Amino acid sequence: MKRTNAEIRKQARQALETHWADAAIVSLIYFFICPFIIWFSRLINHQAYFYIVWSLLCIPIHWGYTTYFQLLFQGKKPGIKQLFIGYADFRRIFGTGFLQGLYTFLAFLLFIIPGLIRSLEFSFVSFLLQDNPQMKYHAALRESRRLMKGYKMKLLMLYLSYLGWAGLCILTFGFGFLILQPYIRTSVAAFYHDITGKEIAPAPASAPQAE
């Protein structure tokens, strides 16, 4: 029996119980390298090429940030280096991420609903690339779509359950997102493990963890 979203959120909190500070630091580095620099570059340089090139170069970092919380949920200690490890497998990570972004963008050109559906369908791509070192490109996209059949609405409801928290984060001038984003990302990782049957119970804070 699949877990409810409330149970999935609880699992995420358990996984983050002793790692909130580390997760916030990783999030701060990620937000500075990718979203902030992209926004700042558009503010001071209206030439689109820099924005496009930097966005593309950030694809492996997006993957590393997502899989950081996947590994954290699995009880591992990925460290800041996980943000950049995708560059060691650049062709596979970049190529798959590029296709994911391209197809999602084209779906949004049709309308908001098709774009949203496609985004939800591709929610597991990064996790699949982490779990399957030989998987890449369309194979990862197809497998994510297959796994998400019948679960898109449930995942959407999981995202929507954080709207109130997002509103509070805005009141903190955005700093609250350094806590909220790890919570959301770890919840999606827990969702993935629940759907795929990868049963991993995060160790409690008092329990010793194997290296």
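The values are calculated or read from the model by the stated rules, or taken from the named source; none is laboratory data. Here the structure is a predicted model, which means the values were calculated and not measured. Virtual Cβ from ideal backbone geometry, glycine too; neighbours counted across all protein chains shown.
Residue count for the range 136-161 satisfying the condition of being part of a loop (DSSP other than H, G, I, E, B) and closer than 30 Å to F90 by Cβ: 2. State which residue is nearest to R13 (Cα to Cα) when the search covers only the range 67-99 and only residues that are part of a helix (DSSP H, G or I) and of a type in the set (D, E, K, R). Selected residue: K81.
Among the residues of the range 75-88, the one identified as farther than 16 Å from I33 by Cβ and buried (at least 16 other Cβ atoms within 10 Å of the Cβ) is P78.
In this structure, is I117 closer than 21 Å to I184 by Cβ, assigned to a helix (DSSP H, G or I) and touching a helix residue (DSSP H, G or I) at 6+ places or on another chain (Cβ under 9 Å)? Answer is yes for this residue.
Going through the range 111-122 one residue at a time, which ones are over 20 Å from R142 (Cβ atoms) and aliphatic (A, V, I, L, M)? If you could, list the steps in order and put the result at the bottom.
If we filter the range 111-122 for residues that are over 20 Å from R142 (Cβ atoms), which is where we start, we get 111-113.
Those that are over 20 Å from R142 (Cβ atoms) and aliphatic (A, V, I, L, M): I112, I113.
The rows are residues; the columns are (1) loosely packed, with under 15 Cβ neighbours inside 10 Å; (2) touching a Pro at 6+ places or on another chain (Cβ under 8 Å).
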residue: F98; (1), (2): yes, no
residue: T104; (1), (2): no, no
residue: A107; (1), (2): no, yes
residue: F111; (1), (2): yes, no
residue: P114; (1), (2): yes, no
residue: F124; (1), (2): no, no
residue: N132; (1), (2): yes, no
residue: R146; (1), (2): yes, no
residue: F175; (1), (2): yes, no
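Within the range 162-174, count every residue that is assigned to a loop (DSSP other than H, G, I, E, B) and modelled with pLDDT of 90 or more. Number satisfying all stated conditions: 1.
Within the range 136-161, residues that are touching a residue at least 40 places away in the same chain (Cβ under 8 Å) and closer than 27 Å to P60 by Cβ have Cβ atoms under 7 Å from residues that are of a type in the set (G, A, S) and assigned to a helix (DSSP H, G or I) in these pairs: K136/G95; Y137/G95; L158/S187, counting only partners at least 6 apart in sequence or on another chain.
Return yes when Y30 is aromatic (F, W, Y), modelled with pLDDT under 95, buried (at least 21 other Cβ atoms within 10 Å of the Cβ) and in contact with a Phe, Trp or Tyr (Cβ under 7 Å, 6 or more places away or on another chain) and no when it is not. For Y30, the condition - aromatic (F, W, Y), modelled with pLDDT under 95, buried (at least 21 other Cβ atoms within 10 Å of the Cβ) and in contact with a Phe, Trp or Tyr (Cβ under 7 Å, 6 or more places away or on another chain) - is met.
Farther than 26 Å from F31 by Cβ and touching a residue at least 12 places away in the same chain (Cβ under 8 Å) - does that describe any residue in the range 94-104? Walk me through how you get there before you give the answer.
Within the range 94-104, the subset farther than 26 Å from F31 by Cβ is none.
No, that holds for no residue.
Among the residues of the range 120-135, those that are within 14 Å of the chain's Cα centre (by Cα) and either free of Cβ contacts under 8 Å to residues at least 12 places away in the same chain or outside any helix (DSSP H, G or I) (or both) comprise F122, S123, F124.
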